[in-house]
Amino acid sequence: MSKILRTTGAVLGTLALAGTLAACGGDSLEKSKAKDGTSGTSGSSSSGGSSSTGGGKKGSLVVGAAGFTESAVLAELYSQVLADAGYATSITTVKNRELYEPALEKGEIDVVPEYAATLTEFLNAKVNGDKAKDKPLASSDVSATVAELTKLAGPRGLKVLPAGEAVDQNAFAVTKEFATKNNLKSLSDLGAAKVKVKVAAGDECKIRPFCAPGLTSKYGIDVTGIDPKGVGTPGAKQAVKDGVDQLVLTTTTDASLDTYGLVLLQDDKKLQNADNVLPVVHAKDAGGQEITDALGKLTKALTTADLVDLNRKVDAERAKPADVAKAYLQSKGLIKK
C-alpha cells in the first residue's frame, strides 16, 4: 500500500522552494505516496480506469488524479458522479502535485480530489515562500484550514468546495491485545496508562512535532525510541504485531491494519492537521453550481471508513478503481444503476 510523507509547514516551506520535495504539506511523515509527489515519475497519462465517461450534454471535464490507490479511487468517484450529472468526463493521472496543481490553475485539469491541510501548506509555501515555514496555515481545525486554503486558492483561479467527514491523515495504531490489556481507545488513554512505547515510524519521527515530540508533550506518552522501519510499511506493522514495537505511525485510511491485528487510537486532542478530503476545481471552467452540487452529494456521503474499504478492495482484492467506485456510488444512490 503506497503512502505519503507530509512534512511540517516549516520543512515544507523550505523544501518546496528548493524543489527537492514535490508537493507536500500539512504534517505527515509518509514519503512514498504520490499525494506527496515523491513517488513515481513526473508527467501525466490518461487513467486506464475510465478514459471517457458520460454523454457530455453539459460539456467536458477533466478529473485529475495522483499516482496512488486512494487518489485513483477518488478520481473515479468524481468522474462517475459528474458523468451521471450530464458531463463527459476523463481522468488524467499526474504523479506530482507540482505538475498537476499548475495544470489545475491553467484549466488543463478541471477537478482534483485533494486533502485540506496538505494543499493549504503546499500553496502557503508557493505563495509566501520562506515566510511559510514560520507561519503554517493548516491546523487540526478543518473549518479554519479550509478557510485559509480558500484565501490562498481564490487568487490562483481555484475554487475550494466544502470538505467532508472522510480524512486521510497521520494516525497511530497498536495491537488489539495491547489495547485491551491497557484499556486503550485513544492516545490520551495511552498517556494515562504510563506504559513505555517504542514507535515504528520514519527517522523524522524523532523531531517532527506531530510525532514523538507531540506524543510526549500533548499526550504525556513515554516514547522510549523510534524504530526506523518507515511509515505504515509492512515491516513497521509487523514489528508492532510481533511486540518488538508498541506503536506504529500510519494513516487513518490504512486498509491493512486488520491483517496485522492492529487498531487505531483516537487522536482525541487533535495533534494532527485536518487532511479532510475535498474537491478543488478550476473556478472559471468548473465552478458552477451544478458541479458543486454533484460533488457535494458525494463529499457528504463519503466517510473515512468508506475510503478504507475502497482502498482495501483495490489493494487487497485487486479490483479496478472504476469498478469499486461504480459499486459504491450505486449503493449510496449517487448514480443511476
Please give the Cα centre distance for the stretch 259-292 versus the stretch 137-154, rounded to the nearest Å.
12
Under a cut-off of 25 Å between alpha-carbon atoms, report the lysines in cross-link reach of residue 337, not counting same-chain residues fewer than 8 places apart.
57, 58, 297, 300, 313, 320, 326
Which order do you get for 60, 71, 256 if you rank them by accessible area with a 1.4 Å probe, largest at the top?
60, 256, 71
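So if I place +1 on the C-beta of Lys and Arg and -1 on the C-beta of Asp and Glu, and nothing else carries charge, what would the dipole magnitude of the stretch 226-337 be about its Cα centre? I want it in debye, nearest 20.
Numbers: 16 positive and 16 negative charges, 93 e Å.
Using only the charged Cβ atoms, the result is roughly 440 debye.
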Based on the Cβ-Cβ distance from residue 203 to residue 58, what FRET efficiency comes out when R0 is 41 Å, to the nearest 0.05?
0.25
Tell me, what is the 1.4 Å probe accessible area of residue 217, in Å² to the nearest 10?
100
For the stretch 117-193: accessible area per residue (Å², 1.4 Å)
45
Full extension from residue 196 to residue 318: what is 0.36 nm times the residue separation minus their Cα-Cα distance, to one decimal in nm?
40.1 nm
Here the gain from full extension of residue 331 to residue 238, 0.36 nm per residue of separation minus their alpha-carbon distance, amounts to 30.0 nm
Evaluate the relative contact order of the stretch 219-318 (contact order divided by residue number), counting alpha-carbon pairs under 8 angstrom at least 6 apart; express in whole percent.
28
Under a 1.4 Å probe, counting only protein heavy atoms, residue 303 has an accessible area in Å², nearest 10, of 30
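The values are calculated or read from the model by the stated rules, or taken from the named source; none is laboratory data. Note that the structure is a prediction, hence the values are computed from the model and not measured. Cβ: placed from backbone, ideal geometry, glycine included. Neighbour counts: every protein chain shown. When the accessible area is computed, the model is the full protein with side chains, heavy atoms only, and any ligands, DNA or RNA have been set aside. Shrake-Rupley method; radii C 1.70, N 1.55, O 1.52, S 1.80 Å.
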